[in-house]
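So the structure is just underneath, and the comments pick up after that.
The values are calculated or read from the model by the stated rules, or taken from the named source; none is laboratory data. A quick note: this is a predicted structure, and the numbers were derived from the prediction, not measured. Using ideal geometry, Cβ is built from the backbone for each residue, glycine included, and neighbour counts are taken over all protein chains shown.
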Amino acid sequence: MGNRRKIGFDLGNHSLKIAVSKGDKWEYHQVLLPENLMEEDQITMPHAFSAFLKKTKKELGLPKGEAGLILPGGQVICRLVTMPRMLESQLLLNLPYEFSDFIRGEPHQYHCDYAMCRPTGPEPEEGEEAEMTMMAAAVEKRQVQEYVSMFAAGGFPLKRILPQEMALIQLVEAYTKAHPGESEEFCFIDLGYLSTRIFVVQGDRIKTTRRIPAGCRQLDSVVADVLNVDGFLADSYKRSNYQGILEHPRCVEIYEHIAVEALKLINFYHFTYRQNQLAGVYLLGGGAAIAPLRKMLEETLGLPALPVEALMGASGQPVDNIGALACAAGLIACEEEEG
């Protein structure tokens, strides 16, 4: 079982991130999505997406077999939930109502799942109600069925579908299991295409999170406007820092906005959990490759950007912007333990 191949997909609005493992050997790929295939966390052309998967599988020589998928953030709700202790049958009946303030439509239209967290406090005294804490998630059943169909048609039967939060928790748990005694607190800043998401993970749970409505798409818009080019060329110029465009004042304004909003969450976490041991931040997503943005975050937060590759399975060859692939690695990290 230790040599069984595992493959994880992290589907973003701009690219598909892929992690493949076989025993202690890992490989990582990031493939740009065809134009107009993904809009606002939604696949616009299912058949074209399946064809894209087939083409990618052939070009990269990806293995056959079951795979895992991280859902785009806008399609799943994941949160820390505390409920009175109950039987699993009762929990499955009641869990959908924990999301009633967040979902559209009826609870029966959603698939809910959970991962129980380890108890952190003393057992309740006599007369006190016993509680249980878990990471719980909800996603539309229709959405799950669509992804299962699209990936199967593309040659990848889906075994596991997770929210980004759970992939990061699995990445942390795999790392702390291999490094006992080290801090279990990790701060991840995902500098994505549509938005920036911040997660503080402590062991088996998300302690705090925030979404900032600013990301690489805003940078692409600035580059396109300043250099008078289309969006596709703007992305290329951004990646190569053409004519020093990443230092343009309008780009710097976006960096400052993201950094200040991130600082608000970090300050809140420091104030709420005064015994915290955050040693730095791990930068994820496409924006992690933008040097001026990394520098702005480090200076504003007063925390270093730590090497995310230290949390991941080692690759045999250099990988551009390894931070963009961390969630895909986390998706199959637990399978490494199970295998």
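Look at the range 23-34 and say how many of its residues are of a type in the set (K, R) and without any contact (Cβ under 8 Å) to a residue 40 or more places away in the chain.
0
Within the range 137-174, track down each residue that is assigned to a strand (DSSP E or B), of a type outside the set (K, R), under 23 Å from H47 (Cα atoms) and more than 14 Å from the chain's Cα centre (by Cα).
Of everything in the range 137-174, those that are assigned to a strand (DSSP E or B), of a type outside the set (K, R), under 23 Å from H47 (Cα atoms) and more than 14 Å from the chain's Cα centre (by Cα) turn out to be V139, E140, L158.
Since L265 meets every condition but one in (1) touching a Lys or Arg at 6+ places or on another chain (Cβ under 7 Å); (2) in a strand (DSSP E or B), which condition does it not meet?
If we test L265 against (1) touching a Lys or Arg at 6+ places or on another chain (Cβ under 7 Å); (2) in a strand (DSSP E or B), just (2) comes out false.
Right, H108: surrounded by fewer than 17 Cβ atoms within 10 Å (Cβ to Cβ), modelled with pLDDT of 90 or more and either of a type outside the set (K, R) or assigned to a helix (DSSP H, G or I) (or both) or not?
Judged against the criteria, H108 is not a match.
Can you tell me which residue in the range 228-249 is surrounded by the fewest Cβ atoms within 10 Å (Cβ to Cβ), limited to those that are of a type in the set (F, W, Y) and in contact with a Leu (Cβ under 8 Å, 6 or more places away or on another chain)?
Y242
Please work out if S221 is out of contact with any His (no Cβ under 6 Å at 6 or more places or on another chain), in contact (Cβ under 8 Å) with a residue 60 or more places away in the chain and polar (S, T, N, Q).
No.
State whether the residues of the range 174-188 include one that is more than 23 Å from P307 (Cβ to Cβ), modelled with pLDDT under 95 and of a type in the set (A, V, I, L, M, F, W, C).
no
Looking at the range 1-56, which of its residues are farther than 19 Å from A324 by Cβ, in a strand (DSSP E or B) and among the hydrophobic types (A, V, I, L, M, F, W, C)?
Within the range 1-56, I43 is the sole residue that qualifies.
Identify, by number, the condition in (1) in a helix (DSSP H, G or I); (2) modelled with pLDDT of 90 or more; (3) not aliphatic (A, V, I, L, M) that C78 doesn't meet.
(1)
Take I254 and decide whether it is of a type in the set (V, I, T), at pLDDT 95 or above, under 27 Å from Q42 (Cβ atoms) and in contact with a strand residue (DSSP E or B) (Cβ under 8 Å, 6 or more places away or on another chain).
no
Using beta carbons and a limit of 7 Å, which pairs, at least six apart or on different chains, have the first residue in the range 44-63 and under 23 Å from R5 (Cβ atoms) and the second one assigned to a helix (DSSP H, G or I) and not polar (S, T, N, Q)?
Final answer for the pair search is F49/M150; S50/M150; S50/A153; L53/F151.
Pick out the one residue from V31, V81 that is more than 19 Å from R217 (Cα to Cα) and surrounded by 15 or more Cβ atoms within 10 Å (Cβ to Cβ).
V81
Which one is nearest to the chain's Cα centre (by Cα) among residues in the range 279-302 that are surrounded by fewer than 18 Cβ atoms within 10 Å (Cβ to Cβ) and touching a residue at least 60 places away in the same chain (Cβ under 8 Å)?
G280
Tell me, please, whether a residue that is outside any loop (DSSP other than H, G, I, E, B) and either within 23 Å of the chain's Cα centre (by Cα) or over 22 Å from G286 (Cβ atoms) (or both) can be found in the range 116-127.
Looking for residues that are outside any loop (DSSP other than H, G, I, E, B) and either within 23 Å of the chain's Cα centre (by Cα) or over 22 Å from G286 (Cβ atoms) (or both), one finds at least one in the range 116-127, hence yes.
Hey, among the residues in the range 219-278 that are hydroxyl-bearing (S, T, Y) and within 22 Å of the chain's Cα centre (by Cα), which one's nearest to L303 (Cα to Cα)?
This residue is Y269.
Within the range 220-234, is even one residue outside any loop (DSSP other than H, G, I, E, B) and more than 20 Å from E253 (Cβ to Cβ)?
The answer is yes; a qualifying residue exists.
Look at the range 175-199 and say how many of its residues are in a strand (DSSP E or B) and of a type outside the set (S, T, Y).
10
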